[in-house]
Amino acid sequence: MTSAPNLTGRHLLKELDFSPAEWLYLVDLAEQLKAERRSGSEERRLVGKAVALIFEKTSTRTRAAFEVAAAHQGAATTYLDPSGSQIGHKESIPDTAAVLGGMYDAIEYRGDHQATVESLAEHAGVPVYNGLTDDWHPTQMLADALTIREHTGKPFGEVTHAYLGDARFNTGRSLLVSSAMLGMDVRIVAPQSYFPPQDVVEQAERIAAETGARITLTSDVAAGVAGADAISTDVWVSMGEKKEVWAERIEQLRDYQVDAGVMAAAGNDRAIFMHCLPAFHDLGTQVGRDVFELSGMDALEVTDEVFRSSSSVVFGQAENRMHTIKAVLVATLAGA
């Protein structure tokens, strides 16, 4: 493990809040904590601590990961959603932060706006964690990094990581920055209008100059995935968007679906497929059925063949949300 920095009391609002060395340390710590859990030797470092979980957007993996990680370490959690609290309705975010900061040792927030989690951090007086906003998804990136380490067996500086699809928002931005922080050869493969914002690209390039990462943005799928060790994607549409947006999005991204041909184009029979989930890979969801009605496609960002294949590591990746979130809690609340 890399030498332990002091992260006590730190916020996790986006990857850029940490240095590359600190980011790598969190991955190392997660690997250690996972090994402890598997061997039955886990030490409870957070007994007596309490974490407030604010969810303005619903979640399966993020909520479960925070609650289980905290429980393993002896901490209590309280789940707060819009229907069960006054957050944003009768009480401002600064006031909410002050109240919760007086009762809890840390606060997690998952919702739309990066400004909200930034305001919580400014006023809470305790560590605040971003469980997802429209702009950044840092806890997912730690899980992705641990998954890549486990399945490739390579140092991060020798890993090629390709992301296909809509890279304008949280997952695409965070994947670009996190991969640059870890020194990877990172490729964003998308129509040019779906590239991350230029300021995010420039931040990643500055980091790459320090870590030795290689950054490529391309619309050429074959070139983008050539030699890839890991191929990632994310959803193209969500239930909250208008059907008119769906049609346009699907038309522009259909050539960036991860199918067997894309996996083969990597030229690496050990290449893994990754997805932060949920995925629209079949007709088992309402979104999937609605999209099929609209477009005739029975899968969107990834085919069921790839999703169910031996290359797919999506469920182990989901489990790693818990181990890496546990590392964040331990590092910021127990000073491990």
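The values are calculated or read from the model by the stated rules, or taken from the named source; none is laboratory data. Fair warning: this is a prediction, and the values are worked out from it, not measured in the lab. Note that we place each Cβ from the backbone using ideal geometry, even for glycine, and neighbour counts take in every protein chain shown.
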Problem set entry | From GLY284, GLY288, residue being of a type in the set (Gly, Ala, Ser), in a loop (DSSP other than H, G, I, E, B) and assigned by TED's automatic domain parsing to the domain that holds LEU175 | GLY284
For this session: Output the number of the condition that VAL99 fails; it satisfies all remaining conditions of (1) under 24 Å from the mean Cα position of the chain (by Cα); (2) part of a helix (DSSP H, G or I).
Result: (1)
Exercise. Which numbered condition trips up VAL51, out of (1) part of a helix (DSSP H, G or I); (2) aliphatic (A, V, I, L, M); (3) under 27 Å from THR171 (Cα atoms)?
Worked result: (1)
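Only one of GLY212, GLY224 is more than 18 Å from LEU182 (Cβ to Cβ) and either touching a helix residue (DSSP H, G or I) at 6+ places or on another chain (Cβ under 7 Å) or modelled with pLDDT of 95 or more (or both); which?
None of the other options fit; the residue is GLY224.
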Exercise. Given (1) surrounded by 19 or more Cβ atoms within 10 Å (Cβ to Cβ); (2) of a type outside the set (A, V, I, L, M); (3) without any contact (Cβ under 8 Å) to a residue 40 or more places away in the chain, where does GLN257 come up short, assuming only one miss?
Worked result: (3)
For this session: State yes or no: is LEU53 crowded, with 16+ Cβ neighbours inside 10 Å, more than 27 Å from SER179 (Cβ to Cβ) and not acidic (Asp, Glu)?
Result: yes
Exercise. Applying the selection to region 297-326, what residues are assigned to a helix (DSSP H, G or I) and not charged (D, E, K, R)?
Worked result: VAL306, PHE307, VAL314, PHE315, GLY316, GLN317, ALA318, ASN320, MET322, HIS323, THR324, ILE325
For this session: Mind checking which strands (runs of 3 or more DSSP E) fall wholly inside region 118-214 and carry at least 2 residues that are under 17 Å from the mean Cα position of the chain (by Cα) and surrounded by fewer than 22 Cβ atoms within 10 Å (Cβ to Cβ)?
Result: none
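Here is a check on your reading of the model: is SER59 touching a residue at least 24 places away in the same chain (Cβ under 8 Å), part of a loop (DSSP other than H, G, I, E, B) and under 26 Å from PHE315 (Cβ atoms)?
yes
Let's see how each residue does on (1) more than 21 Å from the chain's Cα centre (by Cα); (2) small (Gly, Ala, Ser):
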| site | (1), (2) |
| --- | --- |
| LEU13 | no, no |
| PHE18 | no, no |
| LYS34 | no, no |
| ARG44 | yes, no |
| ALA50 | yes, yes |
| ILE54 | no, no |
| PHE66 | no, no |
| ALA70 | no, yes |
Exercise. Listed residues LEU294, LEU329; which is loosely packed, with under 14 Cβ neighbours inside 10 Å, touching a residue at least 12 places away in the same chain (Cβ under 8 Å) and assigned to a helix (DSSP H, G or I)?
Worked result: LEU294
Exercise. Among the residues of region 35-42, is any at pLDDT 95 or above and either within 18 Å of ASP144 (Cα to Cα) or aromatic (Phe, Trp, Tyr) (or both)?
Worked result: yes
